[in-house]
Amino acid sequence: MRKNGLASLIPFYFIILIDNLSVSLIIPVLIPISYDAHAGIMSSAGSGTRDVFYGVAIGSYSLAMFFGAPLLGSLSDHFRRKKTLALCLTGLALGYALTIWAMLDRDVSMFVAARVISGLFSGSLPVAQAAILDVTPKERRVNSIGLIMFCVSTGYVVGPLIGGYLSDSSLVSWFNLRTPFVFVAGATVLNLLILLAAYREAPAPKPAGRMAFPNPVKHLMESFAFPGVRVLSATLLFMSLGWTAFFQFIGLYLTANEGFDQRGVTNLISVVGVGLAAAFLSLVPLSMKYLKPQVAVAGSLAGMTVCIAGTALTGAMFALYTLCLVGAVTYGISYSGLVGMMSAAVDDSHQGSVMGTAGAIAALSAGLSGVVFGAIDGSSAVPIFSAAAFALLAFLVVAMRGVVGAGSRAQEQESVDTTSTV
């Protein structure tokens, strides 16, 4: 591979940024899209139908990512990074274009299809990260990983602001619910052009044999059967279900029950992004430095349970902001700690599979929680209290079963039973 300067890597960092702001951008804007009879996508529908649409629209993106991310990884190995990422950006731009078209025509089916297409092509974070590390000297990789996490965190802060403020016609007369998608579609196309022009990749060798098409469901089930990460994976699943249910439905709950407007939801979700940024960039390293992993994870899960439940028990603005900020921090510490313990529970030959499992759990949790809780009663307190229950369940598994001890014992068993595979 040819040498590439820092400037040539900028498109990869922007891909990571766009991937993550896409997840959070939709939260404040999807509420009026689903529930505003005048400006939204449905002129007439009952509240139950709107709840289902909201859940499907938000969950289908993550379910598509669950299936798309492993395929993108295989494409990356087979056809190299640049071609795969160019495909990702093209697919994302198409998804945003279809979203705009669906909103113009008020076509619910097309809107959901656009969300599926966007999700299929949004799982490019591992590919972009690999492309950056491919050309980064070992002594600078820590700095590169820091920049990657900065882009991830920034996406969660900037996404809601783009979604909320670029759709607010009281700020600029021509802003509407389509404007955020126009902006991100334009940014995606611009990033594609920069990638094609700035990044030079060595000619790929002729692929050996046919490309394997991964089965994400089969891989996930095999990972749960692997002794070293079984309990840890189950804990991560419970925690992820709790966090994604909370993140996806807190804005809708506050709009329906506490009188929040779109700007209020935008600001609150951005505060969540600030908490995630603080956790991933500084508080996670500090907590893991001074606390044992299981202590940090257990304490964070307990705090996450309290914070999530608290948001459904108070309407005070300061309390809500505080609970959301602290809750995001506790999630960041819990997630990082669990993934770190999963990594420590297996040898080097299984690291890629374990990291893939963690990503698959996160995507699957977001998809399932969106669809299921939207169908049940998305605008009520059910998703919020259920989220707290999932977080509590994760805490109980950590506290009562000792996940670290389980992981180390399984690792010893693995050294004896060398036939175990992921």
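Label-to-label distance, D261 versus S74, with points set 7 angstrom from Cα along the beta-carbon direction: 5.0 nm. The residues of the range 270-334 expose on average 41 square angstrom of accessible surface per residue, using a 1.4 Å probe on protein heavy atoms. Ordered from highest to lowest accessible area with the whole protein assembly present and a 1.4 Å probe, W101, W243 read as W101, W243.
To the nearest 0.05, what FRET efficiency results for K292 and T49 with a Förster distance of 51 Å applied to their C-beta separation?
Numbers: r = 49 Å, r/R0 = 0.96.
Calculated transfer efficiency: 0.55.
A 1.4 Å probe run over the protein chains yields, for the range 6-61, 29 Å² of accessible area per residue, whole-number rounding. Distance between the C-alpha centres of the range 226-279 and the range 147-178: 18 Å, rounded to the whole angstrom. Suppose R0 equals 30 Å. What FRET efficiency, 1/(1 + (r/R0)^6) with r the Cβ-Cβ distance, do M221 and V382 give to the nearest 0.05? The calculated FRET efficiency here is 0.60.
Sort I100, I376 from largest to smallest accessible area, using a 1.4 Å probe on the heavy atoms of the protein chains. Spell out each step's value before the answer.
Numbers: I100 30, I376 100 Å².
My answer, sorted largest first, is I376, I100.
Across V326, V271, the residue with the most accessible area heads the list, and the full order at a 1.4 Å probe is V326, V271. Compared with the alpha-carbon gap, the fully stretched path from A37 to W101 is longer by 21.3 nm at 0.36 nm per residue.
If the chain linking I194 and A113 were pulled fully straight, counting 0.36 nm for each residue of separation and taking away their Cα-Cα distance, it would gain 26.4 nm.
Shown is the FRET efficiency for A399 and L147, computed with R0 = 35 Å from the Cβ-Cβ distance and rounded to the nearest 0.05: 0.45.
Can you give me the C-alpha center-to-center distance between the range 356-383 and the range 41-60, rounded to a whole angstrom? Taking the Cα centre of each part, the range 356-383 and the range 41-60 sit 15 Å apart. Computed packing ranks the peptides 79-87, 333-341, 285-293, 123-131 as 333-341, 123-131, 79-87, 285-293, most packed first, by mean other Cβ atoms within 10 Å.
The values are calculated or read from the model by the stated rules, or taken from the named source; none is laboratory data. Just so it is clear, the structure is predicted and the values come from calculations on it, not from any experiment. Cβ sites come from the backbone with ideal geometry, for glycine too, and all protein chains shown count toward neighbours. Ligands, DNA and RNA are excluded from the accessible area calculation, which covers all protein heavy atoms including side chains. Shrake-Rupley method; radii C 1.70, N 1.55, O 1.52, S 1.80 Å.
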